[in-house]
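First up is the structure itself, then whatever we jot down about it.
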Amino acid sequence: MDHDNFITLPYKLERSAPPFEENDIKSPENLFRHILKKYTKHDDHMFDPFAGLGTSLFVAEELNRIPFGIEAEQQKYQWVAGQLENWTHLVNDDAANLAKYDFPKMDLILTSPPYMLRNHKWNPVFGGDPKYAGYDKYLKRMGVIFGKAAPIMKKNAPLIIQVDNLTHGKIFTPLARDIANAINKNFIQTGETIVQWKIIKGEAKPKEAHTQFLIFKKR
Ligand SMILES: C[S@@+](CC[C@H](N)C(=O)[O-])C[C@H]1O[C@@H](n2cnc3c(N)ncnc32)[C@H](O)[C@@H]1O
């Protein structure tokens, strides 16, 4: 399949975030709608190991795809499961434990992982546990989690990760490159698509003018 290098999508957060969460960690529905339409068909299985507020899962249901996912935070898990038709397909656990569950083979893995700045200590994939502080441990854990996801993918199923490089003051974090390197043992990158956000009058504006998603296949 050919991957687009550059696309434009309207920026809109369609499903409002719950009161306990900031809106800005939600991925815009249009992004996942575009990806699910391009890379899957009706009744395909999609898996999100960092389900968050469930955007990928809700859009998958809207498009008659079958969503599965994991979310570590109980409050988010409950909020999403409470609104999902396929709520039994969502698990409240650390994604590194995914082999414990009887997930079927997936046609697509689609996710937006928690981001981390390279000079920060607080590691979001371990809920900030000080034993696992630091960017190197964060990247290593990404390798472990995506390594566990590889066996539940059908042959030739893509893995698509929405991930942006980060600039914070003078510190630049090349997160997209570093995550691609961290999962390199199991996945080879086959493309990347830059998404330019089109601002819609009357809607919230994006923090950044663009995002990107990286496309991988299993080795
Ligand atoms: C960037 S958010 C995902 C946002 C999602 N795309 C949405 O639109 O709501 C990343 C999520 O990963 C979850 N998370 C962090 N570490 C995790 C882990 N080890 N296993 C599973 N989920 C984890 C966080 O709680 C957070 O909800």
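Looking across segment 90-126 at every residue that is assigned to a strand (DSSP E or B) and of a type in the set (Val, Ile, Thr), the one that is nearest to the ligand (Cβ to nearest atom) is identified as THR111.
GLN74 meets all of the listed conditions (1) more than 7 Å from the ligand (Cβ to nearest atom); (2) under 19 Å from ARG33 (Cβ atoms) but one, namely (2). Scan segment 35-51 for residues that are in a loop (DSSP other than H, G, I, E, B) and within 12 Å of the ligand (Cβ to nearest atom) and report the count. Residues flagged as in a loop (DSSP other than H, G, I, E, B) and within 12 Å of the ligand (Cβ to nearest atom) within segment 35-51 amount to 3.
Take the residues of segment 118-134 that are under 24 Å from LYS170 (Cβ atoms) and in contact (Cβ under 8 Å) with a residue 24 or more places away in the chain: which is surrounded by the fewest Cβ atoms within 10 Å (Cβ to Cβ)? The extreme case among them is ASN119. If you check GLY69 against the conditions, is it farther than 15 Å from ALA149 by Cβ and at pLDDT 95 or above? So GLY69 fails the test.
Pull up segment 1-34, narrow it to residues that are within 15 Å of the ligand (Cβ to nearest atom) and among the acidic types (Asp, Glu), then point me to the one that is modelled with the highest pLDDT. Ranking the qualifying residues of segment 1-34, first place goes to GLU29. In segment 144-186, counting only strands (runs of 3 or more DSSP E) that sit wholly within it, the ones holding 2 or more residues that are more than 13 Å from PHE47 (Cα to Cα) span 166-168, 171-173. With respect to ILE194, determine if the residue is farther than 23 Å from LYS26 by Cα, outside any loop (DSSP other than H, G, I, E, B) and more than 14 Å from the ligand (Cβ to nearest atom). So ILE194 fails the test.
Pairing residues of segment 162-178 that are touching a residue at least 40 places away in the same chain (Cβ under 8 Å) with residues that are aromatic (Phe, Trp, Tyr) and away from the ligand (no atom under 16 Å from the Cβ), at Cβ distances under 8 Å and at least 6 apart in sequence or on separate chains, gives LEU166/PHE172.
The values are calculated or read from the model by the stated rules, or taken from the named source; none is laboratory data. Predicted, not measured: the structure shown is a model, and the values here were computed from it. A quick note on method: Cβ atoms are made from the backbone with ideal geometry, for glycine too, and the neighbour counts reach across all protein chains shown.
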